[in-house]
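The values are calculated or read from the model by the stated rules, or taken from the named source; none is laboratory data. Note that this is a predicted model, so its numbers are computed, not measured. Because the Cβ atoms are built from the backbone with ideal geometry, glycine has one as well, and the counts that use them run over all protein chains shown.
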Protein chains: 2
Amino acid sequence: MLNYSAPLTDLKFVLHDLLKVSERYPALGALAETTPDLMDSVLEEAAKFTSQVLAPLNQTGDAQGCRWDNGVVHTPDGFKEAFAQFSANGWAGLVGSTEHGGMGMPYALGCAVVEMMASSNMAWSMYPGLSHGAAECIHANGDDWQRSVFERAINEGRWTGTMCLTEPHCGSDLGLLKTKAEPHADGSYRISGTKIFISAGEHDLAENIVHLVLARLPDAPAGTKGISMFIVPKFNVDAKGVITERNQMGCGSIEHKMGIKASSTCLMNFDGATGWLIGPLNRGLNCMFVMMNTARLEVGIQAQAQIEASFQNALPYARERLQMRALSGPKRPDKPADPIIVHPDVRRMLLTQKAISEAGRAQCMYSAHLVDELRHGGSEAERKYADELLSFFTPITKGFLTEMALECTANGMQVLGGHGYIREWGLEQLLRDARITTIYEGTTQIQALDLLGRKIVQAQGVGFRHFLAMIAEFLQENADNAAAKEFIEPLARLAQEWPALTIKLGKAAMENPDEIGAAAVDYLMYSGYAVHAWWWARMAVLALQSPKSPFHQAKIHTARFYFERLLPRTDAHAKAMQAGAASLLDMPEELFLIA
Amino acid sequence: MLNYSAPLTDLKFVLHDLLKVSERYPALGALAETTPDLMDSVLEEAAKFTSQVLAPLNQTGDAQGCRWDNGVVHTPDGFKEAFAQFSANGWAGLVGSTEHGGMGMPYALGCAVVEMMASSNMAWSMYPGLSHGAAECIHANGDDWQRSVFERAINEGRWTGTMCLTEPHCGSDLGLLKTKAEPHADGSYRISGTKIFISAGEHDLAENIVHLVLARLPDAPAGTKGISMFIVPKFNVDAKGVITERNQMGCGSIEHKMGIKASSTCLMNFDGATGWLIGPLNRGLNCMFVMMNTARLEVGIQAQAQIEASFQNALPYARERLQMRALSGPKRPDKPADPIIVHPDVRRMLLTQKAISEAGRAQCMYSAHLVDELRHGGSEAERKYADELLSFFTPITKGFLTEMALECTANGMQVLGGHGYIREWGLEQLLRDARITTIYEGTTQIQALDLLGRKIVQAQGVGFRHFLAMIAEFLQENADNAAAKEFIEPLARLAQEWPALTIKLGKAAMENPDEIGAAAVDYLMYSGYAVHAWWWARMAVLALQSPKSPFHQAKIHTARFYFERLLPRTDAHAKAMQAGAASLLDMPEELFLIA
């Protein structure tokens, strides 16, 4: 009973009114001809596909799950047909390179489509999502043959792709990985080892699967500097890309998971499989890191998309369910009880979802636009600026939105009371699906260390300083905006407090590196609330210019809610991040007891 | 792969050293002979039963779930045998009245057993849990026949019981209920209607099921003042309690839920079933409310028990999983990586679980002891005091612990990374099972309105004032306790801030009753952190007296963690609760749009 209606009004508001992305396209060479009208027609087609084709398969896919049968993985009913339609209509290559079968659309537009796919059917969206990442990686690192064969096949929706990183003994710590790559006389390699948690590692949607596998040569240096990347197709191909024989590899089993049950999560055995080196030897991690920002951003979008879906399905219930009277007296005396949306805390839960989803959407679309700037920016300086800002944002976007997705999808269930716990209603699936997002593509803890350890301390906060300058400019522009004072003033306070806290933590980290680990998650959450405050202030200022439109009125109310009810959480995170490492590390390990 | 080891050391610490419950038993008539040794032997037997019999059925029960087949409900493999053993060993009547088949043990001891059962197998524990509630209700409201037949059969573990309140159109708002009760010539009633979400409404564990059903007589007043309670057995019984024919009622279906899948959640159809009035006519809700405190307390225990189970299963993984090095340098240079327990944020997640579980246990056991005081206290004044304090605590215990269970069971998954999302490891089940606790027996929202609207505003905070007096006395006693200063000082600040905030909200509520609903959940969460601060201060003061014992050292470290890292969250809740109703209610309902 989950319904999905693509939030086209808000997506257009964000892309056209708030970010004005297309105003930049003439300066971004390859995107120069992307007009707002063209973008809108893509958005509208995507809205139809996701609400009409993908959404109806979301709950049935969860109920059926994937089925492993002697190495073959069957996806749930309808998945294959939906993928065929997706491919036939060109969605697979939407943002792919025009040289190799893609349509060359802006990544910001692609991410709007990613949101719709993830809201309507997160598990299904994993198949094209991972494929797109693989195509991007091959585009960035591959040679001409690899691009013309593998990238093209993925962009044309004929094949899909995977990333094979994790092994049983190494997840976050890839330096430990053991999979072997032995050189073969013909220039290829023989890949041997076991990879786990491989999303879309095996399935029945496409005729071939392109695995990007991290492995070590026999004489490679230890640790992360001895890891290379290989293309290992499920079916080998000849020089022209024509499929030949089955490669020496297979899916040993699939995982039974809490959620995204219709996405196959595979254990892959490589038994001397033929692989082709992609990118330079021993630089496999660097090849992978090229796409780290987009992979993490897309997980942030998945999280935001689950919040949106939960809001969309909790709201009608809150309007229709009659239960008790408002504390201030009956609002619908004609009915046996008031709809529960009259109760302040039901509204608090719904507004939390709305506030996080909408500012999260702005943050994700802006991050995606920075990817476009990074890829197509005319000058080195412009590309460097976009890269620095994006690198700062990425762990915040991924870490904060995924953590908030747990709270916000739980809110959706809570609005439905007992019905929220029943599978038929679907709200509980959204929580189960969202729950993976704080884990994969780097846990919240990894994001937090990336933010505070790498982007702030090591990179001396270069991206953070760009962002503070943007905030300062906005505050300056709105110094006399009396109508927006309630949003501008707290943002101005944040713009003082946030860097002050950052400097304090930086100093503490000089004395003791463990202070980074002790403060990092609270710092990440604080930063997420601060970034959301920035978007809500900006959206409110814009909305104040159209005070008669219901859409814009809702923005102003939501901004007010955000500043009054959610932003105060920064106080708790500020205190906790300053508490120091001692309360975490002084307790000897042996005192962690099951009493 | 979930393991369970009963936390006997901590349960004994709480009951004997912290609460010293048995020192009060000589003054509590019926409990006078309950010695600490007797209590310990019960705890140890319960530890064996829960870890050896119930824990191994927890994941298999989740995987199989209950099965409905033409009105018959089959519980998962092993459930029936476990229930038979439970009954044969007298557990069903542990705290039941000695007059009617029970053993008359303290409820505080019973709740220690409830924790173990819920940690080891929450779904299984629902069957005896609901039964005990029904027996308690019959004991409080029934006539001699009802007690000697139904209460006895439940205490002897031969039959089980249910509460049938919810109907499709009424959950929180029982005034809307429609089930009919028509008087019959023989003094019985004919019950007709549909009840939903009935836990243990049908199953194969016992020979009969005693339903306590809320229904209306044809001429009853509208709303909550026209509701009566009826005993409706699955099989009718004669005057001596011997089973006769099947009653006119049945289970129409069972729900497919997010968790507690092995607990049957039934739709019950009453088709002119024979029922017996219990308690006075039209006073059914009052009969039910007698057991509200214990039912809600036991849900709080379920939540705390899931946190405990999650901690127990995350901790060994954190110790064994080798991944990356500590930021301050290798801690296990002999190994390829350090165990992840060296990372500060892994410790933060584990310590959050430990801090909430252990103080939550103290709070639950103390609340259970107040039930003993209420039932067996020698003087009216003592019983009144216990009732007032318990009534204040109950919504906090239930509301706070269940909300924290979402965070803490999510932490347990997070410690395991990708493995946390895989069903085999079991951590995700604990989150799914815990997720119901914020919903049933009154949602968090209902608890919050009960706390702020009823216990604070309507009852003028009488229970709150008792608690503040206890805190004041403790602060006085420890005014010169230099070693405990780090715990005493912040508690003293809370003891000022909490009542000041309460008075402020009370005044706002006089002006506008919606202010209660707007502040209630933040007030509840603030109160939960405050209550936990009280327990951690008390446990720390006690632990400081045994500084050489590892158990007590761990208490001191955990107390320090609690005050430095979790208590600051009260700041955010204090701000949010003072933000007022406007940011929630000013937005017109029609602006809640799916954009």
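Does segment B:332-340 contain at least one residue that is in contact (Cβ under 8 Å) with a residue 40 or more places away in the chain and either more than 7 Å from every other protein chain (Cβ to nearest Cβ) or among the polar types (S, T, N, Q) (or both)?
Going through segment B:332-340, the residues in contact (Cβ under 8 Å) with a residue 40 or more places away in the chain turn out to be B:340.
The next check asks that each one be either more than 7 Å from every other protein chain (Cβ to nearest Cβ) or among the polar types (S, T, N, Q) (or both); those that pass are B:340.
Within segment B:332-340, one or more residues are in contact (Cβ under 8 Å) with a residue 40 or more places away in the chain and either more than 7 Å from every other protein chain (Cβ to nearest Cβ) or among the polar types (S, T, N, Q) (or both).
Which of the helices (runs of 4 or more DSSP H) contained wholly in segment B:523-595 include at least 1 residues that are closer than 27 Å to A:Phe311 by Cβ?
Here the list reads B:569-577, B:582-585.
A:Met324 versus (1) under 22 Å from B:Ala518 (Cβ atoms); (2) at the interface with another protein chain (Cβ under 7 Å from one of its Cβ atoms); (3) in a helix (DSSP H, G or I): which is the lone unmet condition?
So A:Met324 meets the others, but not (3).
Of all residues in segment B:466-507, how many are surrounded by 19 or more Cβ atoms within 10 Å (Cβ to Cβ) and within 21 Å of B:Gln445 (Cα to Cα)?
Matching residues across segment B:466-507 total 4.
Output the number of the condition that A:Arg296 fails; it satisfies all remaining conditions of (1) of a type in the set (D, E, K, R); (2) touching a residue at least 24 places away in the same chain (Cβ under 8 Å); (3) surrounded by 17 or more Cβ atoms within 10 Å (Cβ to Cβ); (4) over 29 Å from A:Asn121 (Cβ atoms).
All conditions are met except number (4).
What are the residues in segment B:498-530 that are β-branched (Val, Ile, Thr) and either farther than 18 Å from B:Leu449 by Cβ or over 23 Å from the mean Cα position of the chain (by Cα) (or both), if any?
Looking only at segment B:498-530, we keep the residues that are β-branched (Val, Ile, Thr), and these are B:502-503, B:516, B:521.
Correct list: B:Thr502, B:Ile503, B:Ile516.
Out of all the residues in segment B:110-164, which are among the polar types (S, T, N, Q) and crowded, with 24+ Cβ neighbours inside 10 Å? Steps first, please.
Within segment B:110-164, the first condition is being among the polar types (S, T, N, Q), and the residues that meet it are B:119-121, B:125, B:131, B:141, B:146, B:148, B:155, B:160, B:162.
Within segment B:110-164, B:Ser119, B:Ser120, B:Asn121, B:Ser125, B:Ser131, B:Asn155, B:Thr160, B:Thr162 qualify.
B:Thr274 fails exactly one of the following numbered conditions: (1) part of a strand (DSSP E or B); (2) within 14 Å of chain A (Cβ to nearest Cβ). What is the number of that condition?
Looking at each condition in turn, B:Thr274 falls short on (2).
Out of B:Ser379, B:Ser391, I need the residue that is free of Cβ contacts under 8 Å to residues at least 24 places away in the same chain and not β-branched (Val, Ile, Thr). Which one?
Result: B:Ser379 is the single residue among B:Ser379, B:Ser391 that is free of Cβ contacts under 8 Å to residues at least 24 places away in the same chain and not β-branched (Val, Ile, Thr).
State all residues of segment A:534-562 that are within 8 Å of chain B (Cβ to nearest Cβ) and either of a type outside the set (D, E, K, R) or more than 27 Å from the chain's Cα centre (by Cα) (or both); if no residue qualifies, say none.
Scanning segment A:534-562 gives A:Pro550, A:Phe551, A:Gln553, A:Ala554, A:His557, A:Thr558, A:Phe561.
Can you tell me which of (1) in contact (Cβ under 8 Å) with a residue 60 or more places away in the chain; (2) in contact with a Pro (Cβ under 9 Å, 6 or more places away or on another chain); (3) crowded, with 20+ Cβ neighbours inside 10 Å is the one A:Val95 doesn't meet?
(1)
Got a number for residues in segment A:1-41 being basic (Lys, Arg) and either over 30 Å from A:Leu315 (Cα atoms) or surrounded by 21 or more Cβ atoms within 10 Å (Cβ to Cβ) (or both)?
1
Taking the options A:Val73, A:Val114, name whichever one is more than 16 Å from A:Lys257 (Cα to Cα) and not small (Gly, Ala, Ser).
Sole residue among the options that is more than 16 Å from A:Lys257 (Cα to Cα) and not small (Gly, Ala, Ser): A:Val114.
Could you please find all residues in segment B:240-269 being under 29 Å from the mean Cα position of the chain (by Cα) and not in a loop (DSSP other than H, G, I, E, B)?
Taking segment B:240-269 first, the residues under 29 Å from the mean Cα position of the chain (by Cα) are B:250-269.
Answer for segment B:240-269, where residues must be under 29 Å from the mean Cα position of the chain (by Cα) and not in a loop (DSSP other than H, G, I, E, B): B:Gly250, B:Cys251, B:Gly252, B:Ser253, B:Ile254, B:Lys257, B:Thr265, B:Cys266, B:Leu267, B:Met268, B:Asn269.
Within segment A:64-82, does at least one residue satisfy the condition of being over 22 Å from the mean Cα position of the chain (by Cα) and within 30 Å of A:Ser379 (Cβ to Cβ)?
no
Restricting to segment A:226-278, and then to whatever is in contact with a helix residue (DSSP H, G or I) (Cβ under 9 Å, 6 or more places away or on another chain) and hydroxyl-bearing (Ser, Thr, Tyr), can you tell me which residue is surrounded by the fewest Cβ atoms within 10 Å (Cβ to Cβ)?
Ranking the candidates gives A:Ser228 first.
Output the number of residues of segment B:132-142 satisfying the condition of being in contact (Cβ under 8 Å) with a residue 60 or more places away in the chain and not hydrophobic (A, V, I, L, M, F, W, C).
Qualifying residue count for the region: 4.
Looking at the structure I just gave you, is A:Glu358 under 21 Å from B:Met587 (Cα atoms), in contact with a helix residue (DSSP H, G or I) (Cβ under 7 Å, 6 or more places away or on another chain) and at the interface with chain B (Cβ under 10 Å from one of its Cβ atoms)?
For A:Glu358, the condition - under 21 Å from B:Met587 (Cα atoms), in contact with a helix residue (DSSP H, G or I) (Cβ under 7 Å, 6 or more places away or on another chain) and at the interface with chain B (Cβ under 10 Å from one of its Cβ atoms) - is met.
Those residues that are assigned to a helix (DSSP H, G or I) and at pLDDT below 95, I need them from segment B:488-516; list them, please.
Scanning segment B:488-516 gives B:Ala509, B:Met510, B:Glu511.
Okay, residues lined up against (1) farther than 17 Å from A:Leu591 by Cβ; (2) crowded, with 23+ Cβ neighbours inside 10 Å:
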{"residue": "B:Gln306", "(1), (2)": "yes, yes"}
{"residue": "B:Leu327", "(1), (2)": "yes, no"}
{"residue": "B:Pro333", "(1), (2)": "yes, no"}
{"residue": "B:Arg347", "(1), (2)": "no, yes"}
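Which condition does B:Leu544 not pass, out of (1) in contact with a His (Cβ under 7 Å, 6 or more places away or on another chain); (2) within 26 Å of B:Cys364 (Cβ to Cβ), if it passes all the others?
Every listed condition holds for B:Leu544 apart from (1).
Since A:Glu489 meets every condition but one in (1) more than 29 Å from the chain's Cα centre (by Cα); (2) within 14 Å of another protein chain (Cβ to nearest Cβ), which condition does it not meet?
(2)
Can you tell me which of (1) closer than 27 Å to A:Thr9 by Cβ; (2) in the same structural domain as A:Gly259 (by TED's automatic domain parsing) is the one A:Leu177 doesn't meet?
(1)
Could you list, ordered by first residue, the pairs with Cβ atoms under 7 Å in which the first is in segment A:564-587 and more than 7 Å from every other protein chain (Cβ to nearest Cβ) and the second is in a helix (DSSP H, G or I) and of a type in the set (Val, Ile, Thr), at least 6 apart or interchain?
A:Leu566/A:Thr352
Within segment A:178-185, can one find any residue that is over 30 Å from A:Gln64 (Cα atoms) and within 14 Å of chain B (Cβ to nearest Cβ)?
Yes, there is a match, as at least one residue in segment A:178-185 is over 30 Å from A:Gln64 (Cα atoms) and within 14 Å of chain B (Cβ to nearest Cβ).
So which of A:Leu451, A:Leu406 is aliphatic (A, V, I, L, M) and at the interface with chain B (Cβ under 7 Å from one of its Cβ atoms)?
Values: A:Leu451 fails: at the interface with chain B (Cβ under 7 Å from one of its Cβ atoms).
Only one candidate passes the filter, namely A:Leu406.
Spot the failing condition for B:Met229; the list is (1) without any contact (Cβ under 8 Å) to a residue 40 or more places away in the chain; (2) within 24 Å of B:Ile196 (Cβ to Cβ); (3) part of a strand (DSSP E or B), and only one is missed.
For B:Met229, the failing item is (1).
Quick check on segment B:167-175. Is at least one of its residues among the hydrophobic types (A, V, I, L, M, F, W, C) and either under 30 Å from B:Thr98 (Cβ atoms) or within 14 Å of chain A (Cβ to nearest Cβ) (or both)?
yes
Go through segment A:152-170 residue by residue and tally those that are free of Cβ contacts under 8 Å to residues at least 60 places away in the same chain and farther than 22 Å from A:Phe270 by Cβ.
0
What number of residues within segment A:147-166 are in a helix (DSSP H, G or I) and basic (Lys, Arg)?
2
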